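The values are calculated or read from the model by the stated rules, or taken from the named source; none is laboratory data. Everything numeric in this text was worked out from a predicted model, so none of it was measured. Neighbour counts run over all protein chains shown; Cβ positions are idealised from the backbone, glycine included.
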Amino acid sequence: MFYVTMLFQYMSQYMKTRLQYRTDILVEFFSDLLSQSVNLIFILVVFGHTDLLGGWTRDEIIFIYGFFLVPYAVFSAFFNIWDFNDRYIVKGELDRILTRPIHSLFQIILERLELEGLLGAITGIAVMIYAGSRMGLTLSWYDPFLFIIFVIGGALVYGGIFIILACISFWADARTSIMPMMYNISNYGRYPINIYNKIIRFVLTWILPFAFVGVYPASYFLGRHELLFYSLITPLIGVVFFTLSILLWNQGVKRYRGAGN
Amino acid sequence: MSNAIEVKNLRKEFKVYSSRKGLKGAFRDLFTRNEKIIPAVNDINFMVKQGEMVGYIGENGAGKSTTIKMLTGILTPTSGHIVVNGMNPHKDREKFVQTIGVVFGQRSQLWWDIAVQESFRLLKKVYKVSDEQYDNHMNHVIKTLDIEPLLDKPVRKLSLGQRMRCELAAALIHNPPLLFLDEPTIGLDVLVKLKIREFLKEINEKYQTTILLTTHDLSDIEALCERVIMLDEGKVIYDGALHHLKETWGEGKEVHFQFLETVDLQSVKAATAGLPVKWEHDEKEQVFIAYIEDQDELISQLIAQIVAAYKIKDLNIHETSTEEIIRNIYEKGEVRLG
């Protein structure tokens, strides 16, 4: 409960900071909107030339892409930890975090909120509606709820993986360039999983389970019941990965060496 | 609740990898690295009672910050035993930090972009301080530190002195019984320093707040602390009263004379023949310096004899400064006190 109030406290603080720079926020809003629409056009153009890919129609692929954007938006709003090593380890900001009575990871998430990331979800939903209406998808009453659960599951998978990567900083001294690489790999989850070879498929399912951010949960709404099992374990995988990442984090914090003055 | 801090055989080791020279060395480093274990804090023991103000001093790299970081739960000790406020700092970290306040002089605790009072408000929520407690306590703190006019400014627009006062206030929002200050006066002007010292004294008296202070500025320690713990290469080399340190290590007093007439070293020596004095003549300043034991009797006798013999222009009595004492100790190594 305390953590929920703190989340809202930080969120309102975030808004206030943002509103201080009035012109900034306007400019940013429009540039976000612009980049999202460029994204949308890009998707339509790229997929305009493909009709069928590994047994998936163009509209299905667009739908998966649209779905992927939603958990990704949630992830980018809350798990803005790609510069964790520089900011918190090298500069020693973690010292400050550790002297406050809130879980260290949660504090970092709060401090690094980037709520405008959530705008991406609008694009995602727009893309899904576009593709879904072309395919004539119908929704049952429980689908919106499942959608929310899948989105949370997907965001947790994403967050979990990146937290685990951030934890590397606790063990390795050197900065790693693994984060940008991971962003690339994460993109693979946007495409139908069966277009890849077996090994990549295995990796994307069980090791770096980015497939649970895009293709698996989305295929549920597409009525692809051969993947039903994977669709339904999305929240489970999310919880498991996220829990693992937190356990690893807690171990890592014990190894934190601090930065010299 | 008599001991705020108990430290037994506390040790922290860091693994250090030294890299070899040249490209060839860099390749060898890839496979086998030169690993060295360096004890930053080497089996130290001490206790601090509730309500004490203790100065924790040492040269750069002596292990001060490392100790403070272990005491505040930031670092996990390699071995040893720490109890602070009756808790193990790195075990129940979240519960523990509720009972301490921390100021790192070189690192800001406040949010850079938001107004000071917003930072305070957020911290108030973080520490679960009720409105009533906050008003009672913080109004006073804000007034004493004179930061009222700064409250609506964002931290990035404050000067260092202004920021430090706000940092101090921020560390006290939850009115902790124990306060850690790591170089709180670094880079501050005299007025701000004085204000901060006065404030620390006041909260120590008012709330019995225990304060552990590290600083390079010994005047801070002299103004605030009765007790000092001195650290060198990860070991405690002195733990005791500041005045005791001065008595044992302060090597007497210096009396500086300037004369109206021309005098030479031989004749002043002759004039004070019966006294245990060492004379020195500083030719540049035209000053004669008498080194003498710190006894009031002897000093007045010395002055009386000199004044009887010559006309003097100026006279100064110097005490060995704490700074000199500490420099002496570091040069000579461990302090051995009976």
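Some points to look at:
- Flag for A:Tyr256 being of a type in the set (Phe, Trp, Tyr), surrounded by 12 or more Cβ atoms within 10 Å (Cβ to Cβ), in contact with a Gly (Cβ under 8 Å, 6 or more places away or on another chain) and modelled with pLDDT under 90: no
- Residues of the stretch B:28-85 satisfying the condition of being polar (S, T, N, Q) and under 30 Å from A:Ile102 (Cβ atoms): B:Gln50, B:Ser65, B:Thr66, B:Thr67, B:Thr72, B:Thr76, B:Thr78, B:Ser79, B:Asn85
- Any hit, the stretch A:34-52, residues being out of contact with any Leu (no Cβ under 6 Å at 6 or more places or on another chain), of a type in the set (A, V, I, L, M) and within 14 Å of another protein chain (Cβ to nearest Cβ): no
A quick yes/no check of all residues on (1) closer than 26 Å to A:Leu244 by Cβ; (2) in contact with a Ser or Thr (Cβ under 7 Å, 6 or more places away or on another chain); (3) at the interface with chain B (Cβ under 9 Å from one of its Cβ atoms); (4) not in a helix (DSSP H, G or I):
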residue	(1), (2), (3), (4)
A:Asp86	yes, no, no, no
A:Ile89	yes, yes, no, no
A:Arg100	yes, no, yes, yes
A:Ile108	yes, no, no, no
A:Ile129	no, no, no, no
A:Leu137	no, no, no, yes
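- In the stretch B:129-153, the residues that are free of Cβ contacts under 8 Å to residues at least 12 places away in the same chain reach residues that are surrounded by 14 or more Cβ atoms within 10 Å (Cβ to Cβ) with C-beta atoms within less than 7 angstrom, at least six apart or across chains, in these pairs: B:Glu148/B:Ile142.
- Restricted to the stretch B:1-26, and to residues there that are surrounded by fewer than 13 Cβ atoms within 10 Å (Cβ to Cβ) and among the charged types (D, E, K, R), the residue that is nearest to B:Phe46 (Cα to Cα) is B:Lys15.
- Residue that is surrounded by the fewest Cβ atoms within 10 Å (Cβ to Cβ) [pool: residues in the stretch B:72-90 that are closer than 12 Å to B:Lys12 by Cα and within 12 Å of chain A (Cβ to nearest Cβ)]: B:Thr78
- Total residues in the stretch A:1-30, condition touching a residue at least 40 places away in the same chain (Cβ under 8 Å) and either within 7 Å of another protein chain (Cβ to nearest Cβ) or of a type in the set (Ser, Thr, Tyr) (or both): 4
- If you check A:Gln107, A:Gln36 for being of a type in the set (S, T, N, Q) and without any contact (Cβ under 8 Å) to a residue 24 or more places away in the chain, only one passes: A:Gln107.
- Any chance B:Asn88 is more than 25 Å from B:Thr66 (Cβ to Cβ), modelled with pLDDT of 90 or more and not hydrophobic (A, V, I, L, M, F, W, C): no
The rows are residues; the columns are (1) within 16 Å of the chain's Cα centre (by Cα); (2) under 23 Å from B:Leu122 (Cα atoms); (3) assigned by TED's automatic domain parsing to the domain that holds B:Leu122; (4) not small (Gly, Ala, Ser).
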position	(1), (2), (3), (4)
B:Ala171	no, yes, yes, no
B:Pro176	no, yes, yes, yes
B:Leu181	yes, yes, yes, yes
B:Lys193	yes, no, yes, yes
B:Lys201	yes, no, yes, yes
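- In the stretch B:99-118, the residues that are at the interface with chain A (Cβ under 7 Å from one of its Cβ atoms) form Cβ pairs under 6 Å with partners that are among the hydroxyl-bearing types (Ser, Thr, Tyr) and surrounded by 21 or more Cβ atoms within 10 Å (Cβ to Cβ), at six or more places apart or across chains, as follows: B:Val102/A:Thr99; B:Val102/B:Thr72.
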